[in-house]
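Each reported figure results from applying straightforward, stated rules to the coordinates on display, with no laboratory input. Nothing here was measured: the structure is a model prediction, and the numbers come from that model. Note: ideal-geometry Cβ built from the backbone for every residue, glycine included; neighbour counts use all protein chains shown.
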Amino acid sequence: MIVVVEGPSGCGKTTWCRTHGGRNALLERLPDHATVPPEPRAAARFWIERNVARWEDVLAREARDGLVVVDTDPFKLHYVWTLFKTGQAAEIEWTMQRDAAREAFATARYALADLFLVSDIDDATLRARRDADPTRTRRNFERHVLLRDALLRWYRAIDRLEPGRVVFGLPATGLAPGLLAKGKRATRSGRDLFDQLMSEVAAL
């Protein structure tokens with residue numbers, strides 16, 4: 001089973017994964033942004049291929065351990081969508097990444113996790129947590145705060161695909177048995193699932 005822990009910068013994703021995921025936690029590794037191609041189509045491919053590679057790491061951990069708790073969603077298409085919805089990215093940036101992701105989804109190189117735990121703490125709490133942790137630079141923190149509401153809408157769309165697989169809030173009790181009761185998705189990828197999600201997203 002694959003559990004994703006998601007939310008804006010400063011919400012406590014990494015701490016939660018370390019505390020409650022233990023040896024099953026797979027923490028995020030940020031890329032060197034200097035390696036991102038400047039041309040938009042090449043940049044779209046860069047991000048999709050990077051995240052596909054991370055999904056492959058997730059599958060390898062799942063095969064080895066049975067359970068993996070992932071710090072930040074490998075299916076990170078939400079990022080460019082939330083930038084687009086908040087006026088921080090052009091529509092062409094969104095559509096290029098969307099189309100590249102659809103190709104990867106169609107061939108099962110990219111997929112949805114089985115359970116999403118999505119932090120929904122407010123902006124003031126995010127800033128307070130940021131200020132209390134001087135050890136983290138939190139690149140683009142304010143941008144991530146602006147994306148918070150759109151991010152929650154994205155995961156509401158995912159929840160409508162199969163209700164109960166998205167939990168809003170990071171449970172203080174960790175991965176209680178009830179959270180894992182749904183088990184693995186019957187279908188994690190495929191063109192039809194992707195198109196269904198895009199229909200839900202378009203309705204937001």
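Observations on the model:
- Residue list for the stretch 149-179, restricted to those being closer than 13 Å to ALA113 by Cβ and out of contact with any strand residue (DSSP E or B) (no Cβ under 7 Å at 6 or more places or on another chain): LEU161, GLU162
- Enumeration of residues in the stretch 170-200 that are aliphatic (A, V, I, L, M) and touching a His at 6+ places or on another chain (Cβ under 7 Å): LEU175
- Residues that are within 16 Å of LYS76 (Cβ to Cβ), touching a helix residue (DSSP H, G or I) at 6+ places or on another chain (Cβ under 7 Å) and among the charged types (D, E, K, R), drawn from the stretch 145-204: ARG148
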